[in-house]
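> The structure is given below, and queries will be raised subsequently.
The values are calculated or read from the model by the stated rules, or taken from the named source; none is laboratory data. Computed from a predicted model, the values in this text were never measured in an experiment. Every residue, glycine among them, receives a Cβ derived from its backbone with ideal geometry; neighbour counts consider all protein chains shown.
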């Protein structure tokens, strides 16, 4: 069994779906997102916010290697996404925003732009769609990336390259895009 087929079968089993019936793309993406969101929120709250903001033991910095600091939550997420891509797990994910500080985190497809606008206009709702990239049709899901910590808000609002400086705690700041071939 290929690694991606094994991962899909494992998640399907955990989600209560048998291999014969398969798993709906929305449910698959939702399961993947729940893991990503839990890891992201935990790192942001229990590592970055606690150590950098509350206890002021170590800073979080976009130049974390050079400055011997913590990677920013967005950088941790990118590192995880790159590792998943290297493993050819059968899906990919990214953190994108209409107000990206790092230009590589801006939406690149029409569906990404449409989905980011939807989650911004409809707080707490997810966006699902399909798109063709090259010769392959993909299921694409976009989930709100919410400011879960004061660290999120202060970092984005105070960053010199931030196109937006009025984020509030609990507000959608961007979206987690999960994509896999149909």
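> Quick test for you: out of 38, 29, pick the one residue that is surrounded by fewer than 16 Cβ atoms within 10 Å (Cβ to Cβ) and within 13 Å of the chain's Cα centre (by Cα).
The unique qualifying residue is 38.
> Another question, then. Within the stretch 85-94, how many residues turn out to be buried (at least 17 other Cβ atoms within 10 Å of the Cβ) and either out of contact with any strand residue (DSSP E or B) (no Cβ under 6 Å at 6 or more places or on another chain) or free of Cβ contacts under 8 Å to residues at least 24 places away in the same chain (or both)?
Residues in the stretch 85-94 being buried (at least 17 other Cβ atoms within 10 Å of the Cβ) and either out of contact with any strand residue (DSSP E or B) (no Cβ under 6 Å at 6 or more places or on another chain) or free of Cβ contacts under 8 Å to residues at least 24 places away in the same chain (or both): 1 in total.
> Picking from 52, 38, 29, which residue would you name as being at pLDDT 85 or above, under 20 Å from residue 152 (Cα atoms), in contact with a strand residue (DSSP E or B) (Cβ under 9 Å, 6 or more places away or on another chain) and assigned to a helix (DSSP H, G or I)?
Unique residue meeting the criteria: 52.
> Can you tell me which residues in the stretch 168-178 are touching a residue at least 24 places away in the same chain (Cβ under 8 Å) and surrounded by fewer than 20 Cβ atoms within 10 Å (Cβ to Cβ)?
Matches in the stretch 168-178: 170, 171.
> Taking residue 155 and the conditions (1) within 15 Å of residue 97 (Cβ to Cβ); (2) touching a residue at least 60 places away in the same chain (Cβ under 8 Å); (3) in contact with a helix residue (DSSP H, G or I) (Cβ under 7 Å, 6 or more places away or on another chain), which numbered condition does it fall short on, given that it satisfies the others?
(3)
> Pairs please, first residue from the stretch 54-71 and free of Cβ contacts under 8 Å to residues at least 24 places away in the same chain and at positive phi, second anywhere and assigned to a loop (DSSP other than H, G, I, E, B) and surrounded by 15 or more Cβ atoms within 10 Å (Cβ to Cβ), Cβ atoms under 9 Å, 6+ apart in sequence or on different chains.
Final answer for the pair search is 68/58; 68/61.
> For residue 123, are the conditions met, namely being out of contact with any helix residue (DSSP H, G or I) (no Cβ under 7 Å at 6 or more places or on another chain) and closer than 25 Å to residue 45 by Cα?
Judged against the criteria, residue 123 is a match.
> Can you give me the number of residues within the stretch 83-118 that are farther than 11 Å from residue 175 by Cβ and in contact with a helix residue (DSSP H, G or I) (Cβ under 6 Å, 6 or more places away or on another chain)?
Total satisfying the criteria: 3.
> If we keep just the residues of the stretch 7-26 that are farther than 21 Å from residue 146 by Cβ and modelled with pLDDT of 90 or more, which is surrounded by the most Cβ atoms within 10 Å (Cβ to Cβ)?
Applying the filter and picking the extreme gives 25.
> So, one more: Mind counting the residues in the stretch 115-146 that are surrounded by fewer than 15 Cβ atoms within 10 Å (Cβ to Cβ), in contact (Cβ under 8 Å) with a residue 12 or more places away in the chain and under 24 Å from residue 90 (Cβ atoms)?
4
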